[in-house]
Amino acid sequence: MNTYDADDALAGDPEVAAILASELERQRSTVQLIASENFTSRAVLAATASVLTNKYSEGYPGRRYYGGNAFADEVESLARDRAAALFGAPHANVQPHSGASANVAAYLALVEPGDTILAMRLDQGGHLTHGSPVSITGKTYRFVSYGVTPAADDGSGERIDLDQLRDLARSERPRLIVAGTTAYSRVIDPRPFREIADEVGALFMFDAAHPAGLIAGGAHPSPVGIADVVTFTTHKTLRGPRGGAILCGEEHARAVDAAVFPGLQGGPLEHVIAAKAVAFAEAARPEFKEYAAQVVRNAAALADALVEEGFRLVAGGTENHQVIVDLRAFDPELTGKAAQEVLDRAGITCNRNQIPDDPRSPFVTSGLRLGSAAETTAGMGEQEMREVGALLARVLRGRSDDEVVERVRAEVAALCGRFDPYPPGRASESRS
Ligand code: DSN
C-alpha cells in the first residue's frame with residue numbers, strides 16, 4: 001500500500017488516484033522551496049498510511065478511554081521515548097496535530113487566559129500563534145510583541161531585538177516569554193531569552209517549529225534544558241509526517257499532557273504518531289547530521305546566488321534553512337504575490353512573505369521566503385542551489401514573456417529529473 005504512488009489500493013477511486021498521481025508528479029518535476037516543507041522517507045509515508053488511522057485512543061499509553069489500544073500504546077510510547085532521546089528531554093508529548101496545536105496547548109499548560117505573553121510579531125518573522133489578533137492566541141491572552149532591529153546596509157540588522165525584548169519584559173512583567181519564528185534566517189540562541197525570563201520571573205517557551213531538524217542534527221543550538229517548554233513541528237526540517245510535539249521537564253509534564261488532551265484535542269492520530277516515531281529514529285542516525293549541515297550550506301549557496309542577481313536579503317544572509325528575500329532592490333514594482341505566481345508557472349514553488357516593516361499587506365507583500373530543506377533531501381547540493389537562484393532571477397526578470405517562463409520551466413524539470421525525491425523501484429528504502 002503506497003498512497004504516494006496512487007497504486008492498486010486506490011484503483012476503485014480513480015478520481016482521487018489521479019489527483020495523488022498529479023501531486024506526486026508536481027513534487028517530482030518542480031523545485032520545492034517552501035521553507036516549511038520537506039520530502040519524507042517512504043517509511044514515514046507507509047506509517048502515515050497505516051491501519052492505525054482506524055484506532056480511537058483518547059488518553060495516553062496505559063490510560064486510554066477505549067479498549068484495544070495495546071499497539072497504539074506501544075507505538076506512542078516508542079514515539080515519546082524516541083523524541084525524548086533525540087532531543088535529550090525528560091518528557092515528550094507527541095499528540096499535537098500541528099505546530100499551532102502544540103503552541104496553543106503549551107499556553108494552556110503554562111499561563112491563564114488574560115495573562116501577558118511576550119512573543120515576536122507576525123510581520124517581523126513571528127507566527128500567527130504568537131499572538132496575532134486573528135488567532136485564538138491573540139484573543140485569549142494579552143500578547144505584547146517584540147521585533148527585529150532596523151535593517152542595516154552591512155547586513156548586520158534585522159536580528160531579534162534583545163534590547164527591546166528586555167525593556168518590554170521589565171515594563172510588562174509577562175508570565176511567559178516565547179522565542180521562535182516562522183520567517184527568520186539567523187540562529188536563535190536560547191540563552192539570552194532564559195536570562196531575561198529569569199530576571200522578570202517569567203516562564204520561557206521556545207517554538208522550534210522551523211529549526212527542529214537543524215537542532216536534532218546538531219547544526220543549531222538546542223533550547224532543550226534551557227527553555228521550560230519546547231514546541232516543534234515534525235514535518236519541516238525534521239522531515240517527518242505533518243504534525244507537532246512538545247518537550248518539557250518533569251515539572252511541566254502533567255500540565256502539558258492535560259493541556260493537549262483533554263484540554264485541546266480529542267483522539268490522537270496514532271498513524272501519524274507511528275510516522276513520527278519513524279522520523280525520530282531517522283533523525284537520530286549519523287547521516288542526519290550531515291543532512292542538517294548540508295541544508296544550511298545549501299541555503300547559504302542559494303543566498304549568495306541571489307545576492308549576485310541583485311536581490312537584498314533580510315538579515316543580510318542566512319544561517320539556517322531559510323532565505324528571506326526583499327524584492328524591492330531587484331525591482332521596486334515586483335510584489336511577493338506576483339513573484340510567487342510567476343515562479344509557480346515556472347516550476348519554482350515558494351511563498352510570498354512580508355519582510356520586516358513591509359509597506360505592503362500580508363496578502364501582497366514585498367518579499368519571498370525560500371527554504372533549502374526539501375531539495376537537500378532530494379539530493380541537491382550547493383551547485384544546484386546556485387542554479388536555482390539563477391533560474392529564479394531569470395523568471396522574475398522575464399516575467400512578462402511567456403517564452404522565458406516556459407524555457408525556465410523546462411530547465412527546472414530537467415534539473416528535478418536528476419534529483420527525484422521518490423525514485424521508482426526503491427520502495428523498501430528508508431531514508432536516513
Ligand atoms: N508554519 C508556518 C510556515 O512556516 O509555513 C505556517 O503556519
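Summary table below
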quantity: Those residues of region 113-144 which are more than 30 Å from Gly157 (Cβ to Cβ) and either hydroxyl-bearing (Ser, Thr, Tyr) or without any contact (Cβ under 8 Å) to a residue 24 or more places away in the chain (or both), in sequence order; calculated: Lys139, Thr140
quantity: Residue check for Ile215: of a type outside the set (Gly, Ala, Ser) and outside any helix (DSSP H, G or I); calculated: no
quantity: Condition broken by Gln383, with the remaining ones in (1) at pLDDT 95 or above; (2) within 22 Å of the chain's Cα centre (by Cα) satisfied; calculated: (2)
quantity: Qualifying position, being within 25 Å of Ser132 (Cβ to Cβ), more than 14 Å from the ligand (Cβ to nearest atom) and either assigned to a loop (DSSP other than H, G, I, E, B) or touching a residue at least 24 places away in the same chain (Cβ under 8 Å) (or both), among Phe193, Phe232; calculated: Phe193
quantity: Residue ID - nearest to Ala35 (Cα to Cα), chosen from residues in region 111-130 that are crowded, with 23+ Cβ neighbours inside 10 Å and away from the ligand (no atom under 16 Å from the Cβ); calculated: Leu118
quantity: Single condition Ala152 does not satisfy, out of (1) within 16 Å of the ligand (Cβ to nearest atom); (2) part of a loop (DSSP other than H, G, I, E, B); calculated: (1)
quantity: Qualifying residues in region 177-190 (those that are within 16 Å of the ligand (Cβ to nearest atom) and not in a loop (DSSP other than H, G, I, E, B)) - the one surrounded by the fewest Cβ atoms within 10 Å (Cβ to Cβ); calculated: Ala179
quantity: Residues being in a helix (DSSP H, G or I) and closer than 17 Å to Lys337 by Cβ - total across region 365-405; calculated: 4
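To keep it simple, each residue is scored yes or no on (1) touching a residue at least 12 places away in the same chain (Cβ under 8 Å); (2) assigned to a loop (DSSP other than H, G, I, E, B); (3) more than 16 Å from the ligand (Cβ to nearest atom); (4) buried (at least 16 other Cβ atoms within 10 Å of the Cβ).
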{"site": "Val16", "(1), (2), (3), (4)": "no, no, yes, no"}
{"site": "Ser22", "(1), (2), (3), (4)": "no, no, yes, no"}
{"site": "Gln27", "(1), (2), (3), (4)": "yes, no, yes, yes"}
{"site": "Tyr56", "(1), (2), (3), (4)": "yes, yes, yes, yes"}
{"site": "Gly68", "(1), (2), (3), (4)": "yes, yes, yes, no"}
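The values are calculated or read from the model by the stated rules, or taken from the named source; none is laboratory data. Worth saying up front: this structure is predicted, and the values here are computed from it rather than measured. Because the Cβ atoms are built from the backbone with ideal geometry, glycine has one as well, and the counts that use them run over all protein chains shown.
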